[in-house]
Amino acid sequence: MALFTESTIRARAQKEMQRSNNRYKSKSQVLNESVASFNKFRTYDIFLSHSSKDAELILGVKATLEDMG
């Protein structure tokens, strides 16, 4: 049984894009802003390596994982 399905991840990405501060941005721009907020002194548990073609899926995975804490 899958923890995530592609449809739920894509739906979460769309929800993230509906936020007022993301409304007029591309999915790639939203992800790039996350990269810009990277802090080398913070500990991270997950690294999401991806192609720019996968921006919607990665945004959905990122948002879903953040929702989970």
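The values are calculated or read from the model by the stated rules, or taken from the named source; none is laboratory data. What you see is a predicted model, and the numbers here were worked out from it, not measured in a lab. Note that each Cβ is placed from the backbone with ideal geometry, even for glycine, and that neighbours are counted across all protein chains shown. The protein model used for the area step is the full one, side chains on, heavy atoms only, and it has no ligands, DNA or RNA in it. Shrake-Rupley method; radii C 1.70, N 1.55, O 1.52, S 1.80 Å.
For region 37-50, filtering for residues that are open to solvent by less than 100 Å² (accessible area, probe 1.4 Å) and farther than 17 Å from Ala63 by Cα leaves 1.
If you check Ala2 against the conditions, is it free of Cβ contacts under 8 Å to residues at least 40 places away in the same chain and open to solvent by 80 Å² or more (accessible area, probe 1.4 Å)? No, not satisfied.
Residues that are at positive phi, free of Cβ contacts under 8 Å to residues at least 60 places away in the same chain and not aliphatic (A, V, I, L, M): does region 41-59 have at least one? Checking region 41-59: not a single residue is at positive phi, free of Cβ contacts under 8 Å to residues at least 60 places away in the same chain and not aliphatic (A, V, I, L, M).
With respect to the stated conditions, Glu56 fails to be open to solvent by 70 Å² or more (accessible area, probe 1.4 Å) and either within 11 Å of the chain's Cα centre (by Cα) or not polar (S, T, N, Q) (or both).
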